[in-house]
Amino acid sequence: MSLIEIRMRLDAALAAAGRAQGSVTLLAVSKLQPDAKVLAALQAGQRDFGENYVQESATKWPAFRDQFLDAKVHMIGPLQTNKAKQAVELFDAIHTLDRASLAEKLAKLAQARGQCPALFVQVNTGEEPQKAGILPAGLDDFVKACHAMDLRPQGLMCIPPDGQDPAPHFTMLADMAARHGLSGLSMGMSSDFELAIALGATHVRVGSAIFGARPSA
Ligand SMILES: *Cc1c(COP(=O)(O)O)cnc(C)c1O
């Protein structure tokens, strides 16, 4: 496992950008990875993890959490509205708030529970028809609608289009977050997390570079 190597690269990217050590949270993306690898990462001190599937997380995380009380699990996959209740019980953060119907559901759950996971609004910076996320032109209205429901997203998240230079997407996301006074920026994966850190990421989501290739679903 190359968790140590990724941590070193992350720290070097922070230093190169003149940013404070510790100002980025590394999410180890553990979807579909064998439990033994997740356990090894926990034992090596890794505490923030990214998961894509509610069902898989429900099977896998309660036992790990019993052993590692300060572990945090971040939902980074598409979230169906009918799984929102389970999701708010399972996850410390949801990075994929991508539509009004999900915001409404999360707002109701937050009211009933008196608490809510940290929320990131997913922005479809590439305006790809097949990809989830709020379109850049709709972000102002969406954030206002969230506030009107008493939801306070703490940041923005994006997944740049495959095969394109991610830099303009990361820059656009950082600009939009600054305009809204949002401090969180969830961007950067195995292939581009150092660039994302140079452009202001606060949360990078690194899977295969830590755990190796994923078994297919
Ligand atoms: C799977 C996934 C990642 C991790 O991808 P790697 O290329 O393995 O680092 C990051 N972000 C999201 C949204 C993902 O679904």
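Derivation of every value follows stated rules applied to the coordinates shown; laboratory data play no part. The structure presented is a predicted model; accordingly, all values stated were derived computationally and were not measured. Because the Cβ atoms are built from the backbone with ideal geometry, glycine has one as well, and the counts that use them run over all protein chains shown.
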Residue tally, condition within 13 Å of the ligand (Cβ to nearest atom) and not hydrophobic (A, V, I, L, M, F, W, C), over the range 150-160: 1
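Residues checked against (1) more than 19 Å from the chain's Cα centre (by Cα); (2) assigned to a strand (DSSP E or B):
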| site | (1), (2) |
| --- | --- |
| Lys83 | no, no |
| Ile94 | no, yes |
| Glu104 | yes, no |
| Leu119 | no, yes |
| Gly126 | no, no |
Please verify whether His203 is surrounded by 21 or more Cβ atoms within 10 Å (Cβ to Cβ) and touching a Cys at 6+ places or on another chain (Cβ under 8 Å), treating the condition exactly as stated. no
Taking the range 133-153, which residues are closer than 18 Å to Leu79 by Cα and crowded, with 17+ Cβ neighbours inside 10 Å? Gly133, Ile134, Phe142, Cys146, Leu151, Pro153
If you scan the range 171-198, which residues turn out to be touching a strand residue (DSSP E or B) at 6+ places or on another chain (Cβ under 9 Å) and more than 16 Å from the ligand (Cβ to nearest atom)? Met172, Ala174, Met176, Ala177, His180, Leu182, Ser183
Close pairs from the range 108-125: first more than 19 Å from Gly50 (Cα to Cα), partner β-branched (Val, Ile, Thr) and outside any loop (DSSP other than H, G, I, E, B), Cβ under 7 Å, at least 6 apart: Leu109/Val88; Arg113/Val88; Asn124/Ile134
Restrict the check to the range 24-40 and report whether at least one residue is away from the ligand (no atom under 16 Å from the Cβ), outside any helix (DSSP H, G or I) and surrounded by fewer than 18 Cβ atoms within 10 Å (Cβ to Cβ). no
So, in the range 199-217, of the ones that are within 10 Å of the ligand (Cβ to nearest atom) and of a type in the set (Val, Ile, Thr), which residue ends up nearest to Gly126 (Cα to Cα)? Val204
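Here's the yes/no breakdown for (1) of a type in the set (Lys, Arg); (2) away from the ligand (no atom under 16 Å from the Cβ); (3) over 20 Å from Lys31 (Cβ atoms):
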site	(1), (2), (3)
Arg65	yes, yes, no
Asp70	no, yes, yes
His74	no, no, no
Leu79	no, no, no
Ala110	no, yes, yes
Cys116	no, yes, yes
